[in-house]
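Peer 1: The structure's right below; bear with me while I get my questions together.
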Amino acid sequence: MSVEKTAMVAKAVATSKRFKLISDLDVEGRRVFVRVDFNVPMDDDRRITDDSRIQGTLPTIRALREGGARIVLASHLGRPKGKPKPEFSLEPVASHLAGLLNQDVMLPDDCIGDAPRKLTQDLREGQIVLLENLRFHPEEEAGDELFARQLASLADIYVNDAFGTAHRAHASVSGVPKLLSDKAAGLLMAAEIEHLSRLLNNPPAPYVAVLGGAKVSDKIAVIESLLLRVNCVLVGGAMAYTLLAAQGFDMGDSLVELDKLEIAQRLLRKAEARGVTFLLPEDHIISESIDGSSSTQVVQNGEIPKGFRGVDIGPATIRTFQDQIHGAKTVFWNGPMGIFEVDMFAKGTTAVAQAIAHSGAHSVVGGGDSVAAVRKAGVAPFISHISTGGGASLEFIEGVELPGIVALYTR
Ligand code: AMP
């Protein structure tokens with residue numbers, strides 16, 4: 001994306017009076033379709049293991065309830081692949097939400113058809129219906145117009161509070177709002193837009209981006225766009241190995257995307273040309289296995305033997321990254337520094353989470369793994385904004401106009 005286009009998108013979003021907030025709408029007595037992200041993790045007994053996505057939407061639901069709205073919630077859950085499957089029912093979410101709100105949450109057995117039509121017609125002010133999993137119908141992900149019409153017929157007003165799916169042009173995300181002229185961003189969506197816009201619109205320098213995770217190929221577009229705005233990029237996780245391999249280092253048996261070496265070289269050249277400090281790990285924790293069953297060693301770049309893999313950043317890299325983060329005024333973080341799911345390999349990721357929390361910078365953390373690491377390290381309260389959208393937050397800071405946000409524009 002060109003510098004001009006990124007700047008244009010940033011301006012459009014930052015001055016984002018292009019969409020309404022729920023406080024701009026008169027919801028009393030009207031049926032409000034609220035696209036939420038209740039795609040929560042569950043254990044084998046279908047118990048919710050992390051309800052933060054539900055908690056995140058409570059302010060919007062409460063505000064609508066207080067305003068006297070008749071509330072119709074809609075979400076996806078998991079990947080039922082377009083078929084009704086009991087193991088993907090939103091039933092556990094409905095019960096959990098009912099407990100949190102201390103009121104009944106009605107759950108019809110489908111999101112379209114007679115049952116939801118009747119329930120939504122009979123809804124009284126302040127009452128809540130949660131439609132069954134939208135992805136029981138393949139039309140949801142296909143962005144089907146007829147399906148969107150059926151959903152839209154259940155309500156008078158549209159509210160989107162599901163930032164995590166705003167980058168998908170699905171029927172409930174971009175189809176329904178095209179059909180309902182009274183529409184607004186929910187409180188969670190508005191907070192996401194506000195915090196993430198600050199990263200696009202003259203963020204206070206130094207702006208440090210910390211990127212990790214498995215593959216550099218997933219993050220090329222976002223790195224390219226970050227190079228236009230940041231002062232420093234810190235890269236950890238396996239994605240750093242491809243960049244190091246592109247510099248000629250032998251990475252042993254570490255995860256390297258061999259077909260991406262040229263792109264990696266190009267990225268490194270771009271960073272240099274723009275004068276952005278681009279730091280890769282100088283040392284590594286290596287192991288013969290990735291499940292924590294073998295011992296670990298610390299090695300410098302170029303010293304990873306055959307049969308060994310990099311599993312985390314090393315202690316010298318941690319110090320370098322901490323120094324950069326401590327001096328930052330703005331920080332964005334996405335992706336773990338190693339295989340953090342294994343406790344033995346989580347040191348680098350935890351150290352980054354703590355450094356960001358103590359930096360005093362405007363900090364935004366996105367992506368399931370980084371968010372989990374922040375929570376595990378107990379530092380979530382010290383992060384300015386924990387984004388509920390991994391992919392969506394990456395696309396947003398890349399400067400892409402997300403379909404779910406564009407669909408809310410009223411001017
Ligand atoms: P992503 O979805 O691209 O953000 O990648 C997250 C995944 O990257 C996590 O499951 C990590 O375990 C994995 N990861 C991070 N560092 C490494 C590494 N050094 N080797 C293998 N996998 C890694």
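Peer 1: Looking for something open to solvent by 30 Å² or more (accessible area, probe 1.4 Å), assigned to a loop (DSSP other than H, G, I, E, B) and either away from the ligand (no atom under 13 Å from the Cβ) or at pLDDT 95 or above (or both) - is there at least one such residue anywhere in segment 238-246? Even if it seems obvious, please write down each step before you answer.
Peer 2: Going residue by residue through segment 238-246, those that are open to solvent by 30 Å² or more (accessible area, probe 1.4 Å) are none.
Checked against the condition, which is being open to solvent by 30 Å² or more (accessible area, probe 1.4 Å), assigned to a loop (DSSP other than H, G, I, E, B) and either away from the ligand (no atom under 13 Å from the Cβ) or at pLDDT 95 or above (or both), segment 238-246 yields no hits at all.
Peer 1: Return only the number of the condition from (1) under 27 Å from the mean Cα position of the chain (by Cα); (2) farther than 24 Å from A355 by Cβ; (3) in a loop (DSSP other than H, G, I, E, B) that D253 does not satisfy.
Peer 2: For D253, the exception is condition (1).
Peer 1: While we're on this one: Could you check segment 319-346 and list, in sequence order, the residues that are within 14 Å of the ligand (Cβ to nearest atom), outside any loop (DSSP other than H, G, I, E, B) and either more than 18 Å from L226 (Cα to Cα) or of a type in the set (G, A, S) (or both)?
Peer 2: Residues satisfying the conditions are D343, M344, F345.
Peer 1: Counting only residues that are assigned to a strand (DSSP E or B) and away from the ligand (no atom under 16 Å from the Cβ), which one in segment 180-215 is surrounded by the most Cβ atoms within 10 Å (Cβ to Cβ)?
Peer 2: Residues of segment 180-215 that are assigned to a strand (DSSP E or B), as a first pass: 183-185, 207-211.
When the remaining residues are screened for being away from the ligand (no atom under 16 Å from the Cβ), the result is 183-185, 207-208.
Numbers: K183: 23, A184: 26, A185: 26, Y207: 22, V208: 28.
Across segment 180-215, the extreme among qualifying residues is V208.
Peer 1: Is it true that V311 is open to solvent by less than 60 Å² (accessible area, probe 1.4 Å), within 9 Å of the ligand (Cβ to nearest atom) and part of a strand (DSSP E or B)? It would help to see each step written out before you state the result.
Peer 2: Values: open to solvent by less than 60 Å² (accessible area, probe 1.4 Å): yes; within 9 Å of the ligand (Cβ to nearest atom): yes; part of a strand (DSSP E or B): yes.
Considered against the rule, which asks whether it is open to solvent by less than 60 Å² (accessible area, probe 1.4 Å), within 9 Å of the ligand (Cβ to nearest atom) and part of a strand (DSSP E or B), V311 comes out as yes.
Peer 1: E141: of a type in the set (D, E), assigned to a helix (DSSP H, G or I), in contact with a Lys or Arg (Cβ under 9 Å, 6 or more places away or on another chain) and under 22 Å from D50 (Cα atoms), yes or no?
Peer 2: Numbers: of a type in the set (D, E): yes; assigned to a helix (DSSP H, G or I): yes; in contact with a Lys or Arg (Cβ under 9 Å, 6 or more places away or on another chain): yes; under 22 Å from D50 (Cα atoms): no.
Here the answer is no, as E141 does not meet what is asked.
Peer 1: May I pose another question? For segment 140-176, which positions are open to solvent by 10 Å² or more (accessible area, probe 1.4 Å) and closer than 15 Å to F19 by Cα?
Peer 2: The answer is S174, and nothing else.
Peer 1: Just a yes or no: is a residue in segment 305-324 within 30 Å of H195 (Cβ to Cβ), in the same structural domain as G366 (by TED's automatic domain parsing) and among the aromatic types (F, W, Y)?
Peer 2: Taking segment 305-324 first, the residues within 30 Å of H195 (Cβ to Cβ) are 312-313, 317-324.
From the residues that got through so far, the ones that are in the same structural domain as G366 (by TED's automatic domain parsing) too are 312-313, 317-324.
Of the ones still in play, those that are also among the aromatic types (F, W, Y) are 321.
Checked against the condition, which is being within 30 Å of H195 (Cβ to Cβ), in the same structural domain as G366 (by TED's automatic domain parsing) and among the aromatic types (F, W, Y), segment 305-324 yields at least one hit.
Peer 1: While we're looking at this one, here's another question. Which one is nearest to P203 (Cα to Cα), of the residues in segment 347-376 that are away from the ligand (no atom under 16 Å from the Cβ) and not in a helix (DSSP H, G or I)?
Peer 2: Per the stated criteria, the residue is H362.
The values are calculated or read from the model by the stated rules, or taken from the named source; none is laboratory data. Computed from a predicted model, the values in this text were never measured in an experiment. Neighbour counts run over all protein chains shown; Cβ positions are idealised from the backbone, glycine included. Keep in mind that these areas ignore ligands, DNA and RNA; they rest on the heavy atoms of the full protein, side chains included. Shrake-Rupley method; radii C 1.70, N 1.55, O 1.52, S 1.80 Å.
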